[in-house]
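The values are calculated or read from the model by the stated rules, or taken from the named source; none is laboratory data. Here the structure is a predicted model, which is why all the values come from computation and not from measurement. All Cβ positions, even for glycine, are placed from backbone atoms using ideal geometry, and neighbour counts span all protein chains on display. Heads up: the accessible areas ignore ligands, DNA and RNA and are worked out on the full protein's heavy atoms, side chains in. Shrake-Rupley method; radii C 1.70, N 1.55, O 1.52, S 1.80 Å.
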Amino acid sequence: MDVFLLQATIYLGAAVIAVPLAARLGLGSVLGYLLAGIVIGFLPGVGSQTEDLRHFAEFGVVVMLFLIGLELEPRALWDMRNRLIGLGGLQIGITTLAVMGGAYVFGLPWQTSLAIGLILALSSTAIVLQTLTEKGLMTTPGGRSIFSVLLSQDIAVIPMLAVIPLLTLGTLAPVFESDGSIHIDNGDHGAGHGAISLVEGLPGWGVTLVTVAAVALVILLGIFATRPVFRYIHHARLREMYTALALLMVVGVAVLMSLVGLSPALGTFLAGVLLANSEFRHELESDLQPFKGLFLGLFFITVGAGINFDTLLGAPLTILAITLGMMVLKGVILLILAMAFGLRGRDRWLFTLGLAQAGEFGFVLISFSSQQNVLSRDMSELMLLVVALSMLITPLLFILFEKLKFVDAGVSDQPADKIEETGTVIIAGIGRFGQVVNRMVQSAGFQTVVLDHDMETINTMRRFGFRGYFGDPTRPDILHAAGLQTAKVLVVALDDRDAANRLVAYARRDRPDLHIVARAYDRVHVYELYRAGANDIVREMFDSSLRAGRYVLENIGLSEFEAAEAEVTFYQRDRAAVRELAPLWKPGVKTADNPEYVARSRELNKELETIFASRVETVRKAAEDGTDTQPASGFQSKGGLNRR
């Protein structure tokens with residue numbers, strides 16, 4: 001017991017220290033767990049005991065596949081079929097064959113070569129999706145293509161787990177007896193004596209029958225037994241019973257699949273898909289997410305602790321060359337596929353650089369292949385190093401992409417439309433913000449020229465009867481074709497804050513008299529746009545937040561009149577605070593790390609509370625005295641700065 005608690009303390013402590021540190025450095029949680037495992041691997045008496053713990057931690061993989069199944073609704077899969085089967089399927093297939101061919105040329109058996117190809121065809125879902133979300137790239141054409149490929153890879157893990165046992169080398173191959181029965185000879189007749197199997201010694205037709213019956217049982221229970229069991233549990237009114245039931249479902253299916261010789265991950269994935277459309281889906285996800293995270297984290301720690309640094313230090317240049325060669329090979333294949341599927345410019349490079357690494361599922365397949373005797377111990381250690389190193393290099397690839405975006409600035413993803421008209425107002429960006437501005441201005445009888453670099457958005461506009469032009473609004477030639485020299489107002493509503501800053505700065509240099517209205521992401525972005533030269537700056541969430549706050553006040557005791565006055569007061573004081581804090585803002589310095597900014601902000605907040613309370617009290621007394629006072633009319637909150 002003492003040893004167990006010591007190990008638990010060491011593993012949890014390493015994760016708590018390493019994972020947040022890796023996240024702050026932009027490396028992602030997976031690399032944080034790996035680094036924690038690497039450190040543990042050097043601890044005497046601890047790193048050597050990770051092998052047994054890894055088998056326990058692999059339950060996290062089973063839970064993860066169950067949750068993946070929960071997210072894969074059949075209708076959503078059908079809508080994505082072209083990119084899932086086409087782009088994703090081709091990436092997996094071509095990469096597998098290319099890597100397999102390279103490994104076979106170097107003298108490896110075809111079974112081992114195929115296993116290596118399958119392992120290295122995968123990319124890191126955890127690192128890539130997290131990075132795309134943090135950088136706001138998920139909604140770009142390149143980001144959506146990456147997501148489709150990653151989803152295809154996640155699905156492909158299931159058949160990979162089913163294929164790998166068929167590649168077994170040596171003594172672990174299934175033996176077909178003369179009477180038709182199947183016997184698995186593991187070469188160690190004393191080990192695993194207590195293992196239970198429902199198919200051991202059965203004839204071939206018996207194995208097939210039992211396996212089909214087990215899968216059918218999972219399907220029938222998922223369809224017919226889930227609702228009655230959940231209703232039964234609901235009557236207990238105990239939160240922990242839902243968690244217990246969720247774990248029972250996953251563990252039970254995993255055990256059943258193991259008894260018939262199938263992959264536990266395959267069974268839990270199937271169970272998850274069956275429950276994807278049920279009303280209990282979100283309950284199951286919330287109950288299992290903590291277990292998935294902890295067990296997966298433990299799994300990655302054991303992988304890191306199991307890396308043999310003697311192998312790395314014995315041939316560092318060779319291993320690094322293999323890693324970089326694999327990434328270059330994948331990159332070339334990805335670049336060709338990106339070109340074939342119409343990705344251009346930045347999206348093409350995002351797709352290529354974002355998926356060039358190996359992924360965390362590679363650790364799962366390496367461990368599984370080693371257990372099935374498909375990969376030797378030395379080859380498994382080499383593959384672990386290659387996968388881990390490629391994941392460590394991934395953040396550098398995204399940094400390279402950030403550099404490339406400046407090189408690629410001004411180059412459209414595909415040929416821009418020929419702009420055939422000019423207008424009084426140019427609107428750059430036609431997302432949820434720009435759409436409302438465009439409709440309102442056009443409804444008032446003024447002509448607009450709409451520019452956006454997302455072809456799908458432009459096509460959607462056209463279907464609803466609104467005219468727009470495809471092209472990068474930051475390109476000077478497109479701006480001038482849209483009538484920059486004669487326009488009265490430029491509306492900047494781009495999602496990319498850096499692109500918005502560049503556009504405002506260019507327009508101000510080219511047209512000092514132009515009135516520029518710009519959307520800001522947050523208060524810091526307000527300062528950036530003001531410095532770039534925008535006239536009116538609108539914080540995108542400010543107006544809606546004020547309205548929501550007014551509704552709250554109306555429902556906790558204030559009258560509509562009092563709540564409206566509170567809204568106006570807050571708007572006026574917040575706008576004044578933005579103006580006053582603007583000179584204290586320092587580019588490149590976080591506001592929380594700016595002492596002068598923080599000190600003055602705290603003072604302004606206290607002043608706001610005092611003025612707010614005084615104003616509300618004045619309004620309340622006026623209402624009690626019957627004074628005919630009306631809230632400010634025509635209130636329009638910019639929530640930012642203007643130059644008037």
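Residues that are at pLDDT below 90, open to solvent by 20 Å² or more (accessible area, probe 1.4 Å) and among the hydroxyl-bearing types (Ser, Thr, Tyr) do occur in the stretch 464-485. Here the condition is being at pLDDT below 85, more than 30 Å from Leu31 (Cα to Cα), open to solvent by less than 50 Å² (accessible area, probe 1.4 Å) and small (Gly, Ala, Ser); of Gly429, Gly410, it holds for Gly410 alone. For the stretch 516-541, a residue qualifies if it is among the aromatic types (Phe, Trp, Tyr) and surrounded by 20 or more Cβ atoms within 10 Å (Cβ to Cβ), and the qualifying residues are Tyr527, Tyr530. Could you look through the stretch 185-215, keep only residues that are open to solvent by 60 Å² or more (accessible area, probe 1.4 Å) and in contact with a helix residue (DSSP H, G or I) (Cβ under 7 Å, 6 or more places away or on another chain), and pick out the one that is modelled with the highest pLDDT? Checking each candidate, the answer is Leu198.
Condition test on Thr226, is it in contact with a Ser or Thr (Cβ under 9 Å, 6 or more places away or on another chain) and open to solvent by less than 50 Å² (accessible area, probe 1.4 Å)? Here the answer is yes, as Thr226 does meet what is asked. Residues in the stretch 449-459 that are open to solvent by less than 60 Å² (accessible area, probe 1.4 Å) and farther than 15 Å from Phe433 by Cα were compared, and the one that is modelled with the highest pLDDT is Val449.
Here is a yes/no grid of residues against (1) in contact with a His (Cβ under 7 Å, 6 or more places away or on another chain); (2) crowded, with 17+ Cβ neighbours inside 10 Å; (3) free of Cβ contacts under 8 Å to residues at least 12 places away in the same chain:
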{"residue": "Leu217", "(1), (2), (3)": "no, no, no"}
{"residue": "His235", "(1), (2), (3)": "no, no, yes"}
{"residue": "Ala244", "(1), (2), (3)": "no, no, yes"}
{"residue": "Val250", "(1), (2), (3)": "no, yes, no"}
{"residue": "Met257", "(1), (2), (3)": "no, yes, no"}
{"residue": "Leu274", "(1), (2), (3)": "no, yes, no"}
{"residue": "Phe280", "(1), (2), (3)": "no, yes, no"}
{"residue": "Leu298", "(1), (2), (3)": "no, yes, no"}
{"residue": "Ile301", "(1), (2), (3)": "no, yes, no"}
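Which residue pairs have Cβ atoms closer than 7 Å, lie 6 or more positions apart in sequence or on different chains, and pair a first residue in the stretch 360-383 that is on the phi > 0 side of the Ramachandran plot and open to solvent by 50 Å² or more (accessible area, probe 1.4 Å) with a second residue that is assigned to a loop (DSSP other than H, G, I, E, B) and modelled with pLDDT under 85? Once the first residue is on the phi > 0 side of the Ramachandran plot and open to solvent by 50 Å² or more (accessible area, probe 1.4 Å) and sits in the stretch 360-383, its partners that are assigned to a loop (DSSP other than H, G, I, E, B) and modelled with pLDDT under 85 give Asn373/Thr168; Asn373/Leu169. Ile307 - would you say it is surrounded by 21 or more Cβ atoms within 10 Å (Cβ to Cβ) and in contact with a Leu (Cβ under 7 Å, 6 or more places away or on another chain)? No, not satisfied. Here Gln357 fulfils each of the conditions (1) in contact (Cβ under 8 Å) with a residue 60 or more places away in the chain; (2) under 19 Å from the mean Cα position of the chain (by Cα); (3) farther than 19 Å from Val128 by Cα apart from (3). The set of residues in the stretch 89-113 being assigned to a helix (DSSP H, G or I) and of a type in the set (Gly, Ala, Ser) consists of Gly89, Gly93, Ala98, Gly101, Gly102, Ala103, Ser113. Listed by position, the helices (runs of 4 or more DSSP H) enclosed by the stretch 232-305 that each have at least 1 residues that are closer than 27 Å to Gly206 by Cα are 239-259, 264-274.
May I ask you to verify whether Lys621 is more than 19 Å from Ile537 (Cα to Cα), of a type outside the set (Asp, Glu), at pLDDT 80 or above and exposed (fewer than 11 other Cβ atoms within 10 Å of the Cβ)? It is false that Lys621 is more than 19 Å from Ile537 (Cα to Cα), of a type outside the set (Asp, Glu), at pLDDT 80 or above and exposed (fewer than 11 other Cβ atoms within 10 Å of the Cβ). Within the stretch 89-126, the set of residues being out of contact with any Ser or Thr (no Cβ under 7 Å at 6 or more places or on another chain) and polar (S, T, N, Q) comprises Gln91, Thr95, Thr96, Gln111, Thr112, Ser113, Ser123, Thr125. Does Tyr551 count as assigned to a helix (DSSP H, G or I) and surrounded by fewer than 14 Cβ atoms within 10 Å (Cβ to Cβ)? Yes, satisfied.
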